[in-house]
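A short reminder: the numbers here are calculations on the coordinates, not readings from a lab. The shown structure was predicted, so the numbers you read here are calculated from the model rather than taken from an experiment. A quick note on method: Cβ atoms are made from the backbone with ideal geometry, for glycine too, and the neighbour counts reach across all protein chains shown.
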Amino acid sequence: MIGVEEALNILEDNVTPLPGVQMDVDRAVGCVLAEDTYATCDIPPFNQSSMDGYAFAFNSRIKGEAMEVKGEVPAGDSGSIRAETGKAVRIFTGARVPEGTDTVVMQEKTRQQGDLLYIADEGLQPGGNVRQQGEEIRKGELALPAGTLLTPAGIGFLSGVGIREVNVHPRPSIAIIVTGNELQKPGEPLKPGQIYESNSFMLRAALSETGMHDVMVYTVEDNLEKLSATIHECLKVHHVILLTGGVSVGDYDFVVQAATRCGVTRKFHKLRQRPGKPLYFGTKEQQVIFGLPGNPSSVLTCYYEYVWMVLQRLSGTERELTRVRATLGTTVNKKNTLTQFLKGSYAGGQVIPLQGQESFRLRSFATANCLIRLGEEARMYEEGETVDVHLLPVYR
Ligand code: AMP
Ligand code: MG
């Protein structure tokens, strides 16, 4: 049995980002660039007015005298007219500043009478209210480097420099395999001895919360042959396999055996932690396989503490849950020598462990916003002590 830190190190050592793929830029939010991305044009592509107003050559203006207005350039106009010396051109925001002019005065600081323009803007400088061509970025210049997480602003920026496709680390394709003869679909009547299957719904929800939508759910009986066959098929199409249940030492627990049969190399099995002691992790080339416990609360704890980080790494980021230190709101008497993760409620620097921490319960988890991590040593954690808290991603 290994400790939590050792397990995390093993995950880090065994998971690398998936190779980059071409993707339409409008589908790539939340993805990470796999290569440096360059501008395909200058931005702005031309000297551009930043105001509705009048363009003129700054040096041609005689202070205090009216200028004649001749011509007009709305946004989108080719702006190919050439301003006559000493004359102003009516112009609008986003329009190309015409040849022969270099400065724009905003219309609020002018008065137009017929063709004559009176300017009252003492502070106006040469080049005022004009965005220079290439001021934001030049054609061929690095727009965003490899490793950048694409936010909505990033998508907008790349679109604005003319990019339609980006090379990004894809989000992994994920198989959820739920095992257990006792499992019934929610909505169907429960036969004696059955319980409702909830892990697949919970995991799918957790995955979609972090942008992972390429997910398939498979349900398998506790049968070594059938489980091996399902894992074998999943390894052909998915980057990640998340199994739940059947990972412990019971006579009907076949996950580890089946994974080994399918050529998966065991990297660890069983951790000094609660919940989630039987957690299994294996790899087959670039593919990763988690054998999560069956109890829902253990499943979700292991998901947030281990799987989440692995999915982030496969997708090209090194993000982890946000870790904070917080004051314990109530005393906790920790009796075992395992790292313990407690469902908690965190606010304003204080954290309260919730009632009902057993691993078959999800009720407390349903209202938790964090996990409190207590070290292996068995001891009393006093109210007011500072403890490690991992914020669940939904609250980031
Ligand atoms: P196991 O590790 O397979 O013995 O499962 C541990 C506990 O988790 C048992 O009480 C199972 O009934 C329960 N369990 C396993 N899989 C699921 C599931 N998909 N949804 C809800 N509970 C489950
Ligand atoms: Mg089972």
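Subtracting the Cα-Cα distance of residue 151 and residue 324 from 0.36 nm times their residue separation leaves 59.9 nm of extension gain. Put the Cα centre of segment 311-333 next to the Cα centre of segment 340-396 and the gap is 11 Å. At the listed q of 0.14, 0.21 Å⁻¹, the Debye profile of segment 94-156, built from one uniform point per Cα, gives log10 I(q)/I(0) equal to -0.65, -0.96. Every Cα-Cα pair in segment 287-396 was counted, and those over 17 Å apart are 55% of them. Across segment 77-202, the convex hull enclosing all Cα atoms gives 256 Å³ per residue.
Taking only the C-alpha atoms of the chain, the Rg (one decimal) and the largest Cα-Cα distance, Dmax (whole number), read 30.8, 97 Å.
Using 1/(1 + (r/R0)^6) with R0 = 30 angstrom and r between the beta carbons of residue 12 and residue 350, what's the FRET efficiency to the nearest 0.05?
Working: r = 31 Å, r/R0 = 1.04.
So, using R0 = 30 Å, E works out to roughly 0.45.
Antiparallel as a % of all DSSP beta bridges within the chain, to the nearest 5?
On the way: 56 of 84 bridges.
Once the DSSP bridges in the chain are tallied, antiparallel ones form about 65 percent.
The ellipsoid equivalent to the alpha-carbon distribution of segment 19-90 has semi-axes of 43, 12, 11 angstrom, derived from the gyration tensor eigenvalues as √(5λ) and listed largest first. Cross-link partners of residue 63 among lysines, defined as those whose alpha carbon lies under 26 angstrom from its own and excluding same-chain residues fewer than eight positions apart: 87, 109. Treating each Cα of segment 8-51 as an identical point scatterer and summing with the Debye formula, the log10 of I(q)/I(0) at q = 0.14, 0.16, 0.24 Å⁻¹ comes to -0.61, -0.71, -0.97. Cut-off 10 angstrom, C-alpha nodes, Gaussian network model of the chain. Which of 25, 130, 215 fluctuates the most? Checking each option, the largest mean-square fluctuation is seen for 130. May I ask for the percentage of alpha-carbon pairs in segment 251-338 that lie more than 21 Å from each other? Value for segment 251-338: 43 percent of Cα pairs lie more than 21 Å apart.
Could you tell me how many cubic angstrom of Cα convex hull volume segment 197-249 has per residue?
Values: hull volume 4.7 nm³, N = 53.
For segment 197-249, the hull spanned by Cα atoms encloses 89 Å³ per residue.
One quarter of the convex hull surface built on the alpha carbon atoms of segment 169-328 amounts to 10.8 nm², the projected area averaged over directions.
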